[in-house]
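Inspection log for the structure reproduced underneath, given as structure tokens.
Values quoted throughout were computed directly from the atomic coordinates according to the rules given, and no laboratory measurement underlies them. Source: prediction; values computed, not measured. Here the Cβ is made from the backbone with ideal geometry for all residues, glycine too, and neighbour counts use every protein chain on show.
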Amino acid sequence: MASRMGGGRVRLALAALGAAVLTVPLALALTAVSRAAEAPTATRPAPVDWESWHADNQVSDIASLQRGARNFMNYCEGCHSLKYVRYESMAADLKIPVGVLNANLVAPGSSQADYVSTPMPSDDALNWFGKVPPDLSLITRYKGADYVYRYLKTFYTDPSSPTLSNNLAFPSAAMPDILSDLEGVKSAVFRSVKSPDGSTQTEFDHFTTTSPGNMTPEQFDQFVRDTVNFLDYVGDPSQVERRSMGIWVVLFMLVLTGFAWLLKREYWKAVH
Ligand code: HEC
């Protein structure tokens, strides 16, 4: 009896030892595995995926469109025209009072009845940039609001370029980084990536700010979104009215459906 109990204890002790011998290396191996999985993210954050950025602009946001109009007239109109937009129709759509329009938005030498033109002579532009800055009336129509947003947010310094800057969305763009006093000056950090065929390629990794601008990153982002929102409106001015009308159409349909249902109930009363 006693020896059987003793044997039981020995077996129990052996089992415990066996479990310990097995679990300790297993636990060590597991922590090593999880550390290995964490390691790359700890030392190298994922590259910034600028190609998935969206403008997320709302053409129904009139305050944003007003700010965008101001941004455009202050920072873009020096080089770019909007040849399908008359100042006064823009002011009417964006609920900008005529006094504010004439005092702040109409370019010197233009009147409120004029189309938005640029004072930059094409010959000068050709001399300075090697290209005439395009009219931006339809830019969001053929390249998309997201493209313009990414374009305005991905300028970086490049001493080898004639403009001393470059752009991720539009490599070798002839447009200088004209918003750097607001955003700050950025450098782009690239990394080498091995392709399956063995060749190495450089890919964009992230930006670093080398000297800060007048705006915080949030303020600059809002500035760009408002500007893109305005250009989206410019590409299709009737959408402002259409979108605000949409809600009334839906309400009207709902009320109509209600009446139709009441009428149907009235007609079928006698039958049921
Ligand atoms: C100093 C002159 C100048 C100013 C100011 C300027 N641009 Fe440009 N922009 C250019 C030139 C030059 C090009 C032509 C680039 C090319 O084709 O290489 C251009 C091209 C563009 C394009 C077309 C890019 C493409 O893919 O074809 C967009 C969009 C644009 N500018 C937006 C703006 C906006 C918005 C502003 C104001 C925030 C602005 N630009 C201010 C000179 C300017």
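Residue-level analysis places R150 outside the set of residues that are away from the ligand (no atom under 11 Å from the Cβ) and in a helix (DSSP H, G or I). Number of residues in region 211-227 that are among the hydroxyl-bearing types (S, T, Y) and either within 16 Å of the ligand (Cβ to nearest atom) or touching a Lys or Arg at 6+ places or on another chain (Cβ under 7 Å) (or both): the value is 1. For region 136-153, filtered to residues that are free of Cβ contacts under 8 Å to residues at least 60 places away in the same chain and more than 11 Å from W53 (Cα to Cα), the residue that is surrounded by the fewest Cβ atoms within 10 Å (Cβ to Cβ) is Y142.
Yes or no: L126 in contact (Cβ under 8 Å) with a residue 24 or more places away in the chain, part of a helix (DSSP H, G or I) and within 13 Å of the ligand (Cβ to nearest atom)? The answer is no for L126. Within the set S192, S211, the sole residue that is under 26 Å from N74 (Cβ atoms), without any contact (Cβ under 8 Å) to a residue 40 or more places away in the chain, of a type outside the set (F, W, Y) and assigned to a strand (DSSP E or B) turns out to be S211. Of all residues in region 225-248, exactly one satisfies the criterion of being surrounded by fewer than 23 Cβ atoms within 10 Å (Cβ to Cβ), among the β-branched types (V, I, T) and touching a residue at least 24 places away in the same chain (Cβ under 8 Å), namely V240.
Of the residues making up region 84-106, those that are surrounded by 16 or more Cβ atoms within 10 Å (Cβ to Cβ) and in a loop (DSSP other than H, G, I, E, B) number 3.
For region 162-178, enumerate the residues that are within 11 Å of the ligand (Cβ to nearest atom) and in a loop (DSSP other than H, G, I, E, B). Passing the criteria: P162, T163, A169, F170, P171, S172, A173, A174, M175, P176, D177, I178. Among all positions in region 101-118, there is at least one residue which is within 11 Å of the ligand (Cβ to nearest atom), on the phi < 0 side of the Ramachandran plot and out of contact with any strand residue (DSSP E or B) (no Cβ under 6 Å at 6 or more places or on another chain). Just a yes or no: is a residue in region 71-86 more than 10 Å from the ligand (Cβ to nearest atom) and out of contact with any Phe, Trp or Tyr (no Cβ under 8 Å at 6 or more places or on another chain)? Looking for residues that are more than 10 Å from the ligand (Cβ to nearest atom) and out of contact with any Phe, Trp or Tyr (no Cβ under 8 Å at 6 or more places or on another chain), one finds none in region 71-86, hence no.
Restricting attention to region 131-147, and to residues there that are part of a loop (DSSP other than H, G, I, E, B) and within 8 Å of the ligand (Cβ to nearest atom), which single residue is farthest from P119 (Cα to Cα)? Here the residue is K143.
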